[in-house]
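Following: one structure in structure tokens, then a few remarks.
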Amino acid sequence: MQTGHGKTWTARRVGSLRTVHKIQGYRSAEKSGEWLTLTEAAKKLGVSPHRIRRLIKAGVLPTEQVMPDAPHQIRAADLESAQVTSFPRDRGPCRIKDDGQMSLFSAI
């Protein structure tokens, strides 16, 4: 498919067309508060984006994607479900405490 001037479509041309006609690429781009990006959802819950990815992977938090590997679009109302809020918290940093380990900065 070609543009009206017979040129090929590029990301820049598609972006320009969307800007001129005010067409959002994703629902979360509308900023109405109904749909959120993964990062926005993490901020709203006060957790890391990694935790949101875990919720999605576990099937606890439903999302929509325009196509595979596209950004996740998360409905704000889904963040308030009991499954999401009661999902087990992380245990903390993945560090092994070894009392016999020598300090790198022993003089400090």
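The values are calculated or read from the model by the stated rules, or taken from the named source; none is laboratory data. The shown structure was predicted, so the numbers you read here are calculated from the model rather than taken from an experiment. Here the Cβ positions follow ideal geometry from the backbone for every residue, glycine too, while neighbour counts run over all protein chains shown.
Going residue by residue through the range 85-98, is there one that turns out to be of a type in the set (A, V, I, L, M) and either modelled with pLDDT of 90 or more or in a loop (DSSP other than H, G, I, E, B) (or both)? The answer is yes; a qualifying residue exists. When you scan the range 24-39, do you find a residue that is at pLDDT 90 or above and part of a helix (DSSP H, G or I), even just one? Within the range 24-39 (the criterion being at pLDDT 90 or above and part of a helix (DSSP H, G or I)), the answer is yes, since at least one residue qualifies. For the range 39-74, name all the residues that are charged (D, E, K, R) and surrounded by 12 or more Cβ atoms within 10 Å (Cβ to Cβ). Once the filter is applied, which keeps residues that are charged (D, E, K, R) and surrounded by 12 or more Cβ atoms within 10 Å (Cβ to Cβ), the range 39-74 yields Glu40, Lys43, Lys44, Arg51, Arg53, Arg54, Glu64.
Residue pairs whose Cβ atoms lie under 8 Å apart, sitting 6 or more positions apart in sequence or on different chains, and linking a residue in the range 61-83 that is more than 11 Å from Leu38 (Cα to Cα) and in a loop (DSSP other than H, G, I, E, B) to a partner that is modelled with pLDDT of 85 or more and of a type in the set (Lys, Arg), are Pro62/Arg75. Condition (residue is polar (S, T, N, Q) and modelled with pLDDT of 80 or more) applied to the range 46-53: is it met by at least one residue? Yes: one or more hits.
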